[in-house]
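Each reported figure results from applying straightforward, stated rules to the coordinates on display, with no laboratory input. Because the structure is a prediction, the values reported are computed rather than measured.
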Amino acid sequence: MHEYSLVRSLLRQVETIVSDEGGGVVEEVRIEVGAFSGVDITLLELAFADEASRHLGYQPRLQTTAVPLEVECQRCRSRSVIEDFEFRCSECGHQQVIIVSGEEVRLMEIEIRELNNAS
């Protein structure tokens, strides 16, 4: 399951950002997961629950947004969403297309609650 290594990398990014922002408690992590990324969202969520407790010591929320597989035709330049993984242009039927989105796993936003520094 490469979801665990992906989550560990994601949490390292989160920890770096929180540190750069002066600390705080991560309340929510928002990510995008492409349909053609090879990532199983259910396994990713399980790995996040497991690893977040270990790395952060608590459990922030994870919000995932699925990104559809989108291609651009090299002949007519139209863009279309591929749902059945049949790589052809939905406009002209040409098979020479390039992927423009849907392969990525991207950290989009982190919601951080500042710690009170009351003396």
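Once the Cα atoms are used to define both axes, helix 41-56 deviates from the longest principal axis of the chain by about 20 degrees. Net length available on complete extension from T65 to H94 is 7.5 nm, with 0.36 nm assigned per residue and the Cα-Cα distance removed.
Using only alpha carbons, the chain has a radius of gyration to Kirkwood radius ratio (Rg to Rh) of 1.14.
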